[in-house]
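Asker: Would you mind keeping the following structure in view while I ask a few things?
The values are calculated or read from the model by the stated rules, or taken from the named source; none is laboratory data. What you see is a predicted model, and the numbers here were worked out from it, not measured in a lab. Please note: Cβ atoms are built from the backbone with ideal geometry, for glycine as well, and neighbour counts cover all protein chains shown. Heads up: the accessible areas ignore ligands, DNA and RNA and are worked out on the full protein's heavy atoms, side chains in. Shrake-Rupley method; radii C 1.70, N 1.55, O 1.52, S 1.80 Å.
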Amino acid sequence: PAMPDSKVRKGKKKTSLKKFVINCSKPVEDEIFDMASFTKYLHDKIKVNGKTGNLGDDVKISNPDDSTVEVTAKCDFSKRYLKYLTKRFLKGQNLRDYIRIIAGAQKNSYELKYFNVHNEEEEETAE
């Protein structure tokens, strides 16, 4: 006797569309962060199936406005990977000491913020 149920469910796995947003408004307002080069960096460095420059239809990178980047993925894509790439870009631009990337208000978003430098300045004046 053959098992009829085993062959029925071999259809395509439902691919979910994942959308991630990186808000870079504060550094862009201060003109120390170049959105065009960041978008190009993501475009060049994101790996799909272990290869860079292989985005195809699986990953789309767009700029809805001047200070945000939107990454839409049809394949497996982690939010953490986006954070890693952003940190590497900031390191390359020598901005890693001033800007940090933290989780945004929405579940699928990141935000670029400045480190708080005020505390160090207050300590120096107190001495």
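Asker: Quick one: which of Lys19/Lys47; Lys19/Lys91; Lys40/Lys74; Lys18/Lys40 span more than 23 angstrom between C-alpha atoms? Could you put the intermediate results ahead of the total?
Answerer: Working: Lys19/Lys47 16 Å; Lys19/Lys91 25 Å; Lys40/Lys74 20 Å; Lys18/Lys40 20 Å.
Table pairs above 23 Å Cα-Cα are Lys19/Lys91.
Asker: Give me the distance in nm between label points sitting 7 Å out from Cα along the Cα-to-Cβ direction at Lys19 and Asp97, one decimal.
Answerer: 3.9
Asker: Let me ask you something else. So how much slack lies between Asn54 and Lys79, counting 0.36 nm per residue of separation and subtracting their Cα-Cα distance, in nm? Can you show the working numbers first?
Answerer: Working: separation 25, 0.36 × 25 = 9.00 nm, distance 1.85 nm.
Extending this stretch completely gives an extra 7.1 nm.
Asker: Further question on the same structure: What length, rounded to one decimal in nm, is gained on full extension from Lys45 through to Lys26, with 0.36 nm per residue of separation minus their alpha-carbon distance?
Answerer: Details: separation 19, 0.36 × 19 = 6.84 nm, distance 2.38 nm.
That works out to 4.5 nm of additional length.
Asker: Can you give the local net charge around Lys18? Use residues other than it whose beta-carbon is closer than 9 angstrom to its beta-carbon, Lys and Arg +1, Asp and Glu -1.
Answerer: +2
Asker: Also, I was wondering about something else. Return the FRET efficiency for the residue pair Lys107, Ser62: r is the Cβ-Cβ distance, R0 is 25 Å, and the value is rounded to the nearest 0.05.
Answerer: 0.80
Asker: Measure off 7 Å from each Cα along the Cα-to-Cβ vector at Asp34 and Thr72, then give the distance between these two points in nanometres to one decimal.
Answerer: Label-label distance for Asp34 and Thr72, simple model: 2.8 nm.
Asker: Just the number, please: carbon plus sulfur as a percent of the accessible area of segment 36-94, 1.4 Å probe, no ligands or DNA/RNA counted.
Answerer: Ligands and nucleic acids excluded, carbon and sulfur give 45 percent.
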